[in-house]
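Novice: Okay, handing you the structure first.
The values are calculated or read from the model by the stated rules, or taken from the named source; none is laboratory data. Bear in mind the structure is a predicted one, so any value in this text is a computation, not a measurement. Methodologically, a virtual Cβ is constructed for each residue, glycine included, from the backbone with ideal geometry; neighbour enumeration extends over all protein chains shown.
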Amino acid sequence: MDASTYDAWYHTLRGGWIGEVEYRLLHWLLALSSGESLLDVGCGTGYFTRRFARDGLAVTGIDPSAEMLAFAMTHAVANERYLFGDARALPFGDRSFDLCISVTALCFIQEQSLALREILHVTRRRFAIGLLNRASLLYFQKGRKGGQGAYRGAHWHTVAEARRLFAPLSVAGLALRTAVFLPSGTKLGRFCERCLPAQLPWGAFLVAAGDVAR
């Protein structure tokens, strides 16, 4: 899928709603303060990078796709910067950023533990890692048999698997929350999103958030 087509999905009724729900969950879990620095690992076309840049953060997006980065650079909104790089070998020093996010990028990386260690290495305060939840309606719609469309080849995590990923790492106060319970974007889906708590393990968007322990 080319970059413009990928990013255009966020401007559809359904895609815009899902993007907003995911952004709100990340924002809440990060407990961010204006002026902090944030790294977006696997930023793609920069949808979430732009959202957090508008919040007054000093934001950097990094991605291994030159096409995605070119799109992101031409659509920058608040002086955020974009760099070419790999989550498994981040080109930053220890504690370079106050915050770090990664939105479903790890679902397409085989060496997930290595990428997580890199993320924690460059993060000073707090992280929020978005994953695809296997125990969700979206998985049964889009994730089975290798996945469809943008989900092709993605790994879908269970809550237990997410916990195991972080168990050997230096993190404190790990919280697992989900969102996007009915991924249709219809009135029913929006109603369920307002009523169902993020503590339930069945939302399509599974976020692991916590503090970096030093």
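Novice: Among the residues of the range 125-155, write down those that are surrounded by fewer than 17 Cβ atoms within 10 Å (Cβ to Cβ) and of a type in the set (Lys, Arg).
Specialist: Correct list: Arg144, Lys145, Arg152.
Novice: Criterion first (out of contact with any strand residue (DSSP E or B) (no Cβ under 9 Å at 6 or more places or on another chain), farther than 25 Å from Arg190 by Cβ and in a helix (DSSP H, G or I)) does Ser34 satisfy it?
Specialist: Against the criterion (out of contact with any strand residue (DSSP E or B) (no Cβ under 9 Å at 6 or more places or on another chain), farther than 25 Å from Arg190 by Cβ and in a helix (DSSP H, G or I)), Ser34 does not qualify.
Novice: Give the residue that is surrounded by the fewest Cβ atoms within 10 Å (Cβ to Cβ), with candidates limited to residues of the range 50-63 that are not in a strand (DSSP E or B) and not small (Gly, Ala, Ser).
Specialist: Once the filter is applied, the top-ranked residue is Arg54.
Novice: Going residue by residue through the range 184-201, is there one that turns out to be within 16 Å of Trp28 (Cα to Cα) and under 16 Å from the mean Cα position of the chain (by Cα)?
Specialist: There is at least one residue in the range 184-201 that is within 16 Å of Trp28 (Cα to Cα) and under 16 Å from the mean Cα position of the chain (by Cα).
Novice: Something else: For the range 34-49, give me each residue that is free of Cβ contacts under 8 Å to residues at least 40 places away in the same chain and surrounded by fewer than 20 Cβ atoms within 10 Å (Cβ to Cβ).
Specialist: Correct list: Ser34, Gly35.
Novice: With respect to Ile62, determine if the residue is closer than 26 Å to Arg177 by Cα and touching a residue at least 60 places away in the same chain (Cβ under 8 Å).
Specialist: no
Novice: Output the residues belonging to the range 1-25 that are closer than 16 Å to Lys187 by Cα and of a type in the set (Ser, Thr, Tyr).
Specialist: Thr12
Novice: For residues in the range 194-214 being in contact (Cβ under 8 Å) with a residue 60 or more places away in the chain and out of contact with any helix residue (DSSP H, G or I) (no Cβ under 7 Å at 6 or more places or on another chain), which is surrounded by the most Cβ atoms within 10 Å (Cβ to Cβ)?
Specialist: It comes out as Gly203.
Novice: Being surrounded by fewer than 18 Cβ atoms within 10 Å (Cβ to Cβ) and touching a Cys at 6+ places or on another chain (Cβ under 8 Å) is the filter here; which residues of the range 167-193 pass it?
Specialist: none
Novice: Sticking with this structure for a sec: Test Glu111 against the stated conditions and say whether it is free of Cβ contacts under 8 Å to residues at least 60 places away in the same chain, under 28 Å from Glu36 (Cα atoms) and charged (D, E, K, R).
Specialist: no
Novice: Still on this structure, please answer the following. Take the residues in the range 5-49 that are small (Gly, Ala, Ser) and at pLDDT 95 or above; name whichever of them is nearest to the chain's Cα centre (by Cα).
Specialist: So the residue we want is Gly42.
Novice: Taking the residues in the range 162-177 that are under 17 Å from the mean Cα position of the chain (by Cα) and free of Cβ contacts under 8 Å to residues at least 60 places away in the same chain as candidates, determine which candidate is farthest from Leu29 (Cα to Cα).
Specialist: Leu165
Novice: Would you mind telling me which numbered condition in (1) surrounded by 18 or more Cβ atoms within 10 Å (Cβ to Cβ); (2) in a helix (DSSP H, G or I) Leu99 fails?
Specialist: It is condition (2) that Leu99 fails.
Novice: To continue, here is another question. For His121, state whether it is surrounded by 19 or more Cβ atoms within 10 Å (Cβ to Cβ), free of Cβ contacts under 8 Å to residues at least 60 places away in the same chain and either under 24 Å from Gln110 (Cβ atoms) or over 19 Å from the mean Cα position of the chain (by Cα) (or both).
Specialist: Answer is no for this residue.
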